[in-house]
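Here the structure comes first, spelled out in structure tokens, and everything after it is commentary.
Every read-out reported here was derived from the displayed coordinates using simple, explicitly stated rules and does not represent laboratory data. What you see is a predicted model; the values in this text were computed from it and never measured. For neighbour counting, all protein chains shown are included, and Cβ atoms are generated from backbone atoms with ideal geometry for every residue, glycine included.
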Amino acid sequence: MPENIDPITLRRPDDWHVHLRDGVMLAAVLPFTIRQFARAIVMPNLVPPVADVAAAYAYRERIRAALPLGSDFAPLMTCYLTDTTEPEEVARGYEKGVFTAVKLYPAWATTNSAFGVIDYDRITPVLECMAGLGMPLLIHGEVTDPEVDVFDRESVFIDRVLDPLRRRLPELRIVLEHITTKEAVDYVTSAGPNLAATITAHHLVINRNAIFAGGIRPHLYCLPIAKREKHRLALRRAATSGDERFFLGTDSAPHAFPTKETACGCAGIFTAPCALEIYAEVFEEEAALDRLEAFASLNGPQFYRLPPNDARITLRRESFTVPQRIGEGDRAVVPFRAGETLRWRLQV
Ligand code: DOR
Ligand code: ZN
């Protein structure tokens, strides 16, 4: 590895998939996201879910109120799709600039998805309305059929749900979120410009062995779960390919450590404290640092039909140790790669 490599300057990136939570947790984790990103697509899986315009407006106000004075960070809000979501509500939120996108969780697929979609026929009117508006649908792509092996849930979702849906509504603009498989990479690559995918930092770094290395590692448990090494390698190729349909979405998902280090722990990996630094490491390892800006700062805005950010950020090749914990007492969250030293550091 070359020493004293030049700093990297990029347009300021955005996070196209993040869980900011609410209340005390929001206040604890927001500084890490705004340190790196100008905008973020904010997930709506609160309790209760953010499923109408009023709830999204109020949540955006709470996020804005938690920002430090002078911050120009822009939270981009999503509408949690249920079987009973009204097309008029989605259209109204989009036209008012409250909703940027709609999020589809299959019911029971993940954290706080109990109100998610059960009957895909019932959401057809909303999806048709969104296709007409050009409004993106963001999909947690996993089937929940207990007969399907947990490691196959994404690839089966593509075959059983996503592909039929796209054939019925090819104009619908879709982001397949946090992809974890070669099948997903191949499917997105073979599709047209209406299908894109986000890729997390952690899925570029860990495979499923890491979850069991020397004992069970609850802080490496997330959904979709990390897969075999060949899938991680496919994700690295996709992210660093320069293909504009792949872009950055951390899926940073904080949970207080007692709810992870327990008999039945929550899914979610908290990468916000070091996400950009990890992506930089991955791109460096793949000899693709020249493509980091496309992945982190250009491809996402292009898909969302937003301008890229004008501001620039700088990453220096300087070691940085990820904190062991963020926050106090029982509310503390253990970040991804806690206590490890990374090679890049974002200048702030
Ligand atoms: O691991 C995950 N955590 N996957 C999700 O889809 C949801 C998220 C959360 O909200 O904690
Ligand atoms: Zn998520």
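Pairs over the 26 Å Cα-Cα cut-off, from the set Lys227/Lys260; Lys103/Lys227; Lys96/Lys260: Lys96/Lys260. The angle between the Cα long axis of helix 53-65 and the longest principal axis of the Cα atoms of the chain comes to about 20 degrees, rounded to the nearest 10. With respect to the chain, whose longest principal axis is taken over its alpha-carbon atoms, helix 229-239 is tilted by about 90°.
Applying both filters, DSSP loop and at most 16 other Cβ atoms within 10 Å, to the GluC sites (Glu not before Pro) of region 130-189 gives Glu147, Glu171. Protection proxy ranking of 270-282, 5-17, by the mean of other Cβ atoms within 10 Å over each peptide's residues and highest first, is 270-282, 5-17.
Bridge orientation summary for the chain: considering DSSP beta bridges with both residues in this region, about 30 percent are antiparallel.
Note on the chain: with charges restricted to the Cβ of Lys and Arg (+1) and Asp and Glu (-1), its dipole about the Cα centre is near 620 debye.
Taking the C-alpha atoms only, the angle from helix 124-133 to the longest principal axis of the chain is near 70 degrees. Amide H to amide H distances under 5 Å link Arg228 with Arg208, where only residues 5 or more positions off or on other chains count and H is placed in the peptide plane. Working note: Karplus 6.51/-1.76/1.60 with θ = phi - 60° gives region 206-223 the couplings 10, 10, 5, 4, 4, 5, 10, 6, x, x, 7, 10, x, 6, 9, 8, 8, 10 Hz, where Gly and Pro are set to x. Of the trypsin sites (Lys or Arg not before Pro) found in region 79-174, those in coil by DSSP whose Cβ has at most 15 other Cβ atoms within 10 Å are Lys96. Between the amide H of Phe336 and those of Phe270, Thr271, distances stay under 5 Å, these residues lying 5 or more places away or on another chain, with hydrogens modeled in the peptide plane.
Computed over the chain with a Gaussian network model linking Cα atoms closer than 10 Å, the most mobile of Ala294, Ala338, Ala253 is Ala338.
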